[in-house]
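The values are calculated or read from the model by the stated rules, or taken from the named source; none is laboratory data. Keep in mind that this is a model prediction, so the values were computed, not measured. Heads up, the Cβs are rebuilt from the backbone with ideal geometry, glycines too, and the neighbour counts pull from every protein chain shown. What goes into the accessible areas is simple: the full protein's heavy atoms, side chains included, and nothing from ligands, DNA or RNA. Shrake-Rupley method; radii C 1.70, N 1.55, O 1.52, S 1.80 Å.
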Amino acid sequence: MNLSRPSIRVACVEDDPLFQILLKKILLVDRGFELLDVFPNVEQAVPALLESRPDVVLLDMKLPGRTGVECLAILESHMPATAFVMLTGDDTPQQVFAALKAGACGYVLKTAPPEHLLEAVRAAAMGGGPLSPAISRVVISAFQTKASASKPRMPGITQRENELLSLFVKGLSAKEAAYEMGISYETVRDYLKTIYQKLKVRSRTEAVLKYVRNQQGPALAF
């Protein structure tokens, strides 16, 4: 167990018994996680989550009764310090964007390797916007399909911040963007903090979505 930092407190809303077992097997204390509870539906989850306020909540998109997106809509405004990551087997653009618009910071396919899920939880806890590789391709493809030749600078964003956001739209990671811009990874993180403040967002995914909406205006409807 890593004693240098506290465990990431995680809760899950998931009705699939087999996936519940998987979550309990991988979200272990010696890996840096504390699994608070796993709920089978929204009705049981909401009051408990408002009480425990975990660092990260994993939400299945398709649940009996209310959906994961509906659960997110209920909780998001009351839990600003909590990151919500959607879990699903559906990688259609409409489902992805519905979750991201509702306030999810990330979206991971259930078929992704367990380590990808763990990395998504870690990234979400640190303020990132985790998307599994398959989901990233869906998002990037949608962005590129709607991309225009002219990309005006977003109001309030500096030229370098604009450049960084445009690299994220192309699918580059923070480290790859740092290399492309000739700056350090720490500088990229500083840029991101400033961008989050200016755009009033909490994750890289939200920032990219807002950036692309600005580039395309009303034509970009998720």
*surrounded by 15 or more Cβ atoms within 10 Å (Cβ to Cβ) and either at pLDDT below 95 or over 18 Å from MET86 (Cα atoms) (or both): does that describe GLU34?*
yes
*Under 6 Å by Cβ, and 6 or more places apart or on different chains, what pairs join a residue from the range 4-28 that is within 18 Å of HIS116 (Cβ to Cβ) with one that is of a type in the set (S, T, N, Q) and modelled with pLDDT under 95?*
GLU14/GLN20
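Name the one entry in PRO6, PRO80, PRO47 that is assigned to a helix (DSSP H, G or I) and not polar (S, T, N, Q).
On the way: PRO6 fails: assigned to a helix (DSSP H, G or I); PRO80 fails: assigned to a helix (DSSP H, G or I).
Step by step, each of PRO6, PRO80, PRO47 is checked, and only PRO47 is assigned to a helix (DSSP H, G or I) and not polar (S, T, N, Q).
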_Give all pairs with beta carbons closer than 6 Å in which a residue from the range 51-73 that is farther than 17 Å from CYS105 by Cβ and open to solvent by 10 Å² or more (accessible area, probe 1.4 Å) meets a residue that is polar (S, T, N, Q) and not in a strand (DSSP E or B); count only pairs at least 6 apart in sequence or on separate chains._
LEU63/ASN41; PRO64/ASN41; GLY65/ASN41
*Taking the range 12-44 only, how many residues are in a strand (DSSP E or B) and under 20 Å from VAL69 (Cβ atoms)?*
4
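So, LYS193, is that one open to solvent by 40 Å² or more (accessible area, probe 1.4 Å), within 20 Å of the chain's Cα centre (by Cα) and modelled with pLDDT under 85 or not?
Details: open to solvent by 40 Å² or more (accessible area, probe 1.4 Å): yes; within 20 Å of the chain's Cα centre (by Cα): yes; modelled with pLDDT under 85: no.
No; evaluated as a whole, the condition is false for this residue.
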_When you scan the range 83-105, do you find a residue that is under 20 Å from the mean Cα position of the chain (by Cα), among the acidic types (Asp, Glu) and part of a helix (DSSP H, G or I), even just one?_
no
